[in-house]
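I have placed the structure first, in the form of structure tokens, so that the comments after it can refer back to it.
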Amino acid sequence: MSFIRKNLTRFLLLLPSYSWLLFAVLIPLLIMLVFSFLSDTPLGSRDVYATLKNYQTYFSLGFYWVLTSKSILTAVYTTFICLLIAYPMAYAIARRLPGRWKAALFMLVIVPLWSNTLVRLYSWAIVLRDGGVLEYALKSIGLPIQNLSILYSYPAVIIGLVHGYLPYMVLTIYVVLDRLDDSLLEAAASLGANPWQRFLRVTVPLSLPGVIAGVIMTFIPVMGSFIEPRLLGGKEGTMIGTVIEDQFVQLFNWPLGAAIAFLLLLMVLVMLTAMGLFVRRLNRTSIGGTE
Amino acid sequence: MKFQKLSFTSILILMAAMLLISCGKATQTIEASINQGNDNQIGGVLRVLNWQGYGSDESFALDEFGKMYGVKVEHDYITSEEEMLTKLRTSPGVYDVLLPNLAYLPIAVQEGLLEPIDTSMLENWNDLLSRFKDLDDIRSNGQVYGVPWTWGATAMVYNTEVYPDGIDSMQVFWDPNYAGQIAWWDSYEDTMALVGIAMGDPDPYHPKDLNAVKQKMMELMPQVKTLWASEDEFDKLFANKDISLGVFWSGSASRAATVMGLPMKFVIPKEGAIAWIDTWAIAKDAPNREAAYRWIDYMISSGFYIRWDTEVGAPAPTTQSSIDALPADAFNRAVMGDPQVISRLVWMQTVSAEDRQQWNQIWEEVKAAQ
């Protein structure tokens with residue numbers, strides 16, 4: 001009796017989230033997977049048949065691959081810069097600051113998440129454009145700058161993306177560092193490890209799950225990003241994400257858009273699996289086989 | 001193997017449709033003041049599908065129409081002609097009226113997305129200039145599907161303070177002296193046509209040598225400062241003096257000068273320009289058909305047009321009384337009424353899905369090389 005009740009409770013607790021996942025994620029994804037094998041978008045009075053031509057189109061056009069590698073590279077740059085900024089920041093907030101400062105700095109990290117993406121990107125446009133805030137600031141400290149020309153270029157895209165995804169990276173790393181068991185560090189110290197050794201051999205390995213979560217939360221969306229490249233990149237802002245957007249919005253060719261999106265998803269899965277294997281090995285060697 | 005007849009597919013389509021509707025919904029509502037004792041009152045809601053800031057959502061229009069007929073007007077916005085068609089395909093019976101471009105009207109008619117219009121129910125129909133009223137493209141099987149509302153050109157604008165001597169040729173887009181001064185419209189369709197026109201092709205909608213056009217696009221790109229995607233974006237670039245030259249729409253140029261006071265001049269270059277016509281159409285199974293007819297009649301009235309053009313800025317009108325009400329030297333009367341100018345225009349044409357796919361790939365390839 002109590003066994004049934006326990007299971008029923010569990011079922012009811014999970015029902016909302018799983019039905020949400022089913023209807024909002026899984027089913028639409030399956031629809032798109034089916035679409036990607038169709039000859040035309042099956043809406044209105046169109047005859048459609050099953051085909052592989054959308055996938056063939058992707059591989060037959062060289063520039064699709066050029067744009068895909070550009071998107072992958074963009075995701076690598078963005079993730080790397082985010083990590084470089086986020087780790088020291090999360091470390092300082094979690095382990096080096098007193099309570100009330102913690103809360104204040106934490107707020108500063110989260111606030112960008114509350115603002116609308118478009119508002120955020122247009123603010124960047126004001127900062128980065130020729131004669132904009134950044135140029136003015138650099139000139140006023142005496143740097144000999146004529147035209148900054150950052151807006152409508154590739155670096156502007158990276159700046160916009162880093163700003164957009166930094167909070168996720170800080171949050172995920174902060175969570176693991178905040179919960180780090182102090183007694184482990186004390187144990188290391190009592191065994192003669194100096195501060196650097198303690199950081200590299202205890203703190204860093206134990207914070208890896210947070211780092212990985214942050215990397216995943218940054219890398220995947222950046223690879224498919226299209227708003228930031230479109231608004232900040234100017235003519236250098238064409239990426240595989242904007243190609244997918246074009247297929248859906250401009251051309252009503254959902255099948256081709258879906259096919260490219262699924263190929264992208266496949267590449268992400270391969271890369272994540274490779275990264276997972278690498279990290280597992282790293283973990284095993286650094287803290288003596290806790291795996 | 002045909003998927004269409006399977007019932008599970010229809011469920012999938014329904015789900016996809018629901019997704020699409022929930023995305024990007026931007027509706028604007030104005031409460032109509034109830035005017036009792038007026039015989040004209042129709043009541044209910046009128047759902048309009050149009051570009052944002054394109055006349056029909058001006059508050060004076062919503063007020064005026066609301067007072068006359070007691071109808072609440074709700075807008076849903078589009079960012080491309082394809083998006084308009086997609087919204088009709090995925091949500092039949094939701095919208096009442098929409099504003100397709102004449103080049104996209106035949107696609108909508110062919111797919112059964114529109115209702116024929118009984119022109120005898122429109123008081124202002126006979127006020128339309130015959131060259132719009134008699135257009136073949138607004139008809140299918142003898143029935144009218146689109147009511148021409150405004151027309152305009154896609155061509156070039158320049159900053160009159162930077163170029164006091166004026167510019168009359170598209171060759172400046174390829175002139176190294178103007179490098180970095182240009183904002184180009186990020187549309188594969190219009191880019192294809194405009195580059196064709198600049199190369200002297202009399203029929204740019206059927207290019208004979210796609211490679212030559214692509215090569216010309218490649219030469220254009222280093223000259224371009226940035227690509228713009230919305231009217232507002234272009235206005236900002238121009239106002240900030242990030243650019244002084246670009247591809248723009250005639251109606252938008254007039255708005256930029258009227259509302260924002262920008263030193264922007266629109267020219268139809270000697271090589272020619274793209275001309276387009278926007279038409280009001282009634283969606284298949286429109287829930288409020290009566291209000292839809294009254295709306296279209298109001299939209300083509302000179303009363304609405306003159307307020308729109310003088311207070312906000314509009315493209316050229318299609319009715320005689322609107323033209324008569326314009327000042328003799330107004331751009332929309334003087335320039336757009338000049339037979340010499342009209343003869344240089346290349347009217348936008350319906351492009352097949354295959355051609356559009358190919359043109360888009362060319363444009364993406366050109367951009368990918370940057």
What pairs can you find where one residue is in region B:215-239 and over 25 Å from B:GLU161 (Cβ atoms), the other is surrounded by 19 or more Cβ atoms within 10 Å (Cβ to Cβ) and polar (S, T, N, Q), and their Cβ atoms are less than 7 Å apart, with a gap of 6+ or different chains? B:MET217/B:THR191
For region A:226-246, which residues satisfy the criterion of being crowded, with 23+ Cβ neighbours inside 10 Å and over 23 Å from the mean Cα position of the chain (by Cα)? none
Would you mind stating whether A:PHE63 is touching an Asp or Glu at 6+ places or on another chain (Cβ under 8 Å), more than 30 Å from A:ASP178 (Cβ to Cβ), within 14 Å of another protein chain (Cβ to nearest Cβ) and modelled with pLDDT of 90 or more? yes
Quick check: anything in region A:236-258 in a loop (DSSP other than H, G, I, E, B), within 11 Å of chain B (Cβ to nearest Cβ) and of a type in the set (Gly, Ala, Ser)? yes
When B:ASP338 is evaluated against the numbered criteria (1) acidic (Asp, Glu); (2) modelled with pLDDT under 95; (3) under 20 Å from B:SER59 (Cα atoms), which criterion, by number, is the only one it fails? (3)
Within region A:15-66, restricting to residues that are in contact (Cβ under 8 Å) with a residue 24 or more places away in the chain and touching a Lys or Arg at 6+ places or on another chain (Cβ under 8 Å), the one that is surrounded by the fewest Cβ atoms within 10 Å (Cβ to Cβ) is A:SER39
Given (1) in a helix (DSSP H, G or I); (2) hydroxyl-bearing (Ser, Thr, Tyr); (3) closer than 15 Å to A:ALA156 by Cβ, where does A:THR218 come up short, assuming only one miss? (3)
Are any of the residues in region B:55-78 closer than 22 Å to B:TRP276 by Cα, outside any loop (DSSP other than H, G, I, E, B) and within 14 Å of chain A (Cβ to nearest Cβ)? yes
What residue, among those in region B:335-359 that are within 14 Å of chain A (Cβ to nearest Cβ) and among the hydrophobic types (A, V, I, L, M, F, W, C), is farthest from B:ILE274 (Cα to Cα)? B:ALA353
Among the residues of region A:78-99, are any of a type outside the set (Gly, Ala, Ser), surrounded by fewer than 12 Cβ atoms within 10 Å (Cβ to Cβ) and touching an Asp or Glu at 6+ places or on another chain (Cβ under 9 Å)? no
Within region B:287-370, considering only helices (runs of 4 or more DSSP H) that don't extend past its boundaries, which have at least 2 residues that are among the basic types (Lys, Arg)? B:289-299, B:353-368
Hey, which of the helices (runs of 4 or more DSSP H) in region A:92-187, taking only ones fully inside, have at least 1 residues that are basic (Lys, Arg)? A:99-114, A:117-128, A:133-140
Please give the helices (runs of 4 or more DSSP H) falling wholly within region B:126-241 in which 1 or more residues are under 17 Å from the mean Cα position of the chain (by Cα), modelled with pLDDT of 95 or more and small (Gly, Ala, Ser). B:188-198
Condition check for A:LEU26: away from chain B (no Cβ under 14 Å) and at pLDDT below 95: no
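Any residue at all in region A:188-209 that's away from chain B (no Cβ under 14 Å) and of a type in the set (Phe, Trp, Tyr)?
The answer is yes; a qualifying residue exists.
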Between B:ALA153, B:ALA193, B:ALA183, which is under 24 Å from B:ASN360 (Cβ atoms), crowded, with 21+ Cβ neighbours inside 10 Å, within 14 Å of another protein chain (Cβ to nearest Cβ) and among the aliphatic types (A, V, I, L, M)? B:ALA183
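The values are calculated or read from the model by the stated rules, or taken from the named source; none is laboratory data. Predicted model only: the values in this text are computed from it and were never measured. Cβ sites come from the backbone with ideal geometry, for glycine too, and all protein chains shown count toward neighbours.
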